[in-house]
1. So, in the stretch 158-197, how many residues would count as being without any contact (Cβ under 8 Å) to a residue 12 or more places away in the chain and surrounded by 19 or more Cβ atoms within 10 Å (Cβ to Cβ)?
2. Looking for something under 45 Å from the mean Cα position of the chain (by Cα), assigned by TED's automatic domain parsing to the domain that holds residue 160, more than 22 Å from residue 207 (Cα to Cα) and not β-branched (Val, Ile, Thr) - is there at least one such residue anywhere in the stretch 79-99?
3. Which one of the conditions (1) closer than 30 Å to residue 167 by Cβ; (2) at pLDDT below 85; (3) surrounded by 10 or more Cβ atoms within 10 Å (Cβ to Cβ) does residue 293 fail to meet, given that it meets all the rest?
Amino acid sequence: MAWNEPGGNNQDPWGGRRGNDGPPDLDEVIKKAMDKMGGLFGGKPPAGGRSGSGFGPLAIVILIALFIAAVYDSVNIIDQREQAVVLRLGKYHETWGPGLQWKIPLVDTITKENVTKVQSKSFSNKMLTEDENIVEVSISVQYVISDIKSYVLNVRSPQSSLSQAAESALRHEVGSSEMHFVLTEGRETIASEVQIRIQSYLDAYGTGLTVSKVNLEGAHAPDEVQDAFLDVTKAREDEVRLRNEAETYANGIIPEARGQAQRQLEEANAYKEQVIAKAIGETSRFNQLLVEYKRSPDVTRERLYIDTVQSVLASTPKVLVDVEGGNNMMYLPLDKIVNKQVSNSVAQSSGQNLTASDLDKVTRQVIDEIRQRQSSVRRTRELR
């Protein structure tokens with residue numbers, strides 16, 4: 001039954017009776033509500049339809065606690081290395097930098113992230129190269145948060161997007177290279193190209209991440225073919241070593257041959273100059289000798305004869321002695337005499353060096369031999 005229908009006793013929903021003078025007083029309605037809350041929190045309950053005495057001590061403590069909690073929740077300290085994104089009722093409001101910041105409780109949502117820390121993410125997988133070989137490659141990607149708004153709002157899971165972008169970029173670069181290049185000298189090149197490609201993917205996704213470094217930590221053949229791969233690697237290393245040795249030998253022998261050729265050219269030029277100079281000197285000496293020969297032919301002829309004989313006999317150990325008054329010449333084999341005397345001296349001295357006395361003996365023996373031959377020639381003449 002409605003409160004204003006017949007039989008409702010004019011009872012209004014606020015606990016009072018509806019008189020004929022209009023609706024209940026608003027102040028009275030508020031007071032009754034406060035009395036009920038006071039009774040709920042420990043105040044005196046209403047008696048005989050009269051209001052209670054208001055809030056109790058427990059209600060005051062609860063209100064103070066709620067106030068402190070609201071103040072504490074509204075204070076936010078942003079560290080020097082952090083930034084924060086503020087969402088007000090789920091919509092982007094602003095970005096906070098380092099310092100003391102205030103938010104509206106139950107209205108603002110704060111997301112803080114460290115934007116200076118270099119984070120790292122690694123993964124490894126088997127991939128197919130351009131020459132249809134399988135290699136196992138592992139990389140680590142170092143990155144920082146460069147745009148916190150994009151990092152928080154644009155992508156649901158930025159780290160997952162980073163992993164997928166890194167794997168896609170690495171597969172693209174490895175699939176465009178040969179196995180030998182990936183495993184040996186191509187590591188730095190591949191890492192650089194992967195970093196550029198990852199960054200382009202992250203920028204297209206709007207992740208707010210910046211890749212600072214990509215390290216190709218390992219690249220090797222699968223375990224199933226590791227032994228065969230080591231043999232191939234050793235053969236290639238031997239090839240490189242032998243090629244280097246050949247190049248070193250070529251680099252050494254070619255300059256040496258050029259030096260020898262240059263030395264022979266210099267010797268030939270020097271010999272040429274020497275022969276020309278000697279010919280010029282001989283020609284000049286002959287011209288001067290010709291002048292002297294025209295002045296005194298006999299003297300010059302005898303002088304030429306003596307010089308010629310001296311030059312011929314200077315290098316021979318044999319001596320020819322012209323005997324006066326005869327047509328015979330005495331022949332003295334000095335080399336044989338000296339060798340015989342030296343052999344006797346060596347035998348007597350038991351291997352000691354030839355001394356001055358030994359030389360004197362040889363000289364006296366030669367002189368005695370000459371005298372004996374001269375005496376023999378004289379006696380022969382006297383007998384004739």
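The values are calculated or read from the model by the stated rules, or taken from the named source; none is laboratory data. What you see is a predicted model, and the numbers here were worked out from it, not measured in a lab. FYI the Cβ positions are ideal-geometry reconstructions off the backbone, even for glycines, and counts take in every protein chain you see.
1. Number satisfying all stated conditions: 1.
2. Residues of the stretch 79-99 that are under 45 Å from the mean Cα position of the chain (by Cα), as a first pass: 79-85, 95-99.
Still in the running and assigned by TED's automatic domain parsing to the domain that holds residue 160: none.
Among the residues of the stretch 79-99, not one is under 45 Å from the mean Cα position of the chain (by Cα), assigned by TED's automatic domain parsing to the domain that holds residue 160, more than 22 Å from residue 207 (Cα to Cα) and not β-branched (Val, Ile, Thr), which makes the answer no.
3. (1)
Yes/no matrix, rows are residues, columns are (1) crowded, with 19+ Cβ neighbours inside 10 Å; (2) touching a helix residue (DSSP H, G or I) at 6+ places or on another chain (Cβ under 8 Å); (3) modelled with pLDDT under 90; (4) not in a strand (DSSP E or B):
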{"residue": "110", "(1), (2), (3), (4)": "no, no, yes, no"}
{"residue": "124", "(1), (2), (3), (4)": "no, no, yes, no"}
{"residue": "132", "(1), (2), (3), (4)": "no, no, yes, yes"}
{"residue": "137", "(1), (2), (3), (4)": "yes, yes, no, no"}
{"residue": "152", "(1), (2), (3), (4)": "yes, no, no, yes"}
{"residue": "156", "(1), (2), (3), (4)": "no, no, yes, yes"}
{"residue": "199", "(1), (2), (3), (4)": "no, no, no, yes"}
{"residue": "215", "(1), (2), (3), (4)": "no, yes, no, no"}
{"residue": "219", "(1), (2), (3), (4)": "yes, yes, yes, no"}
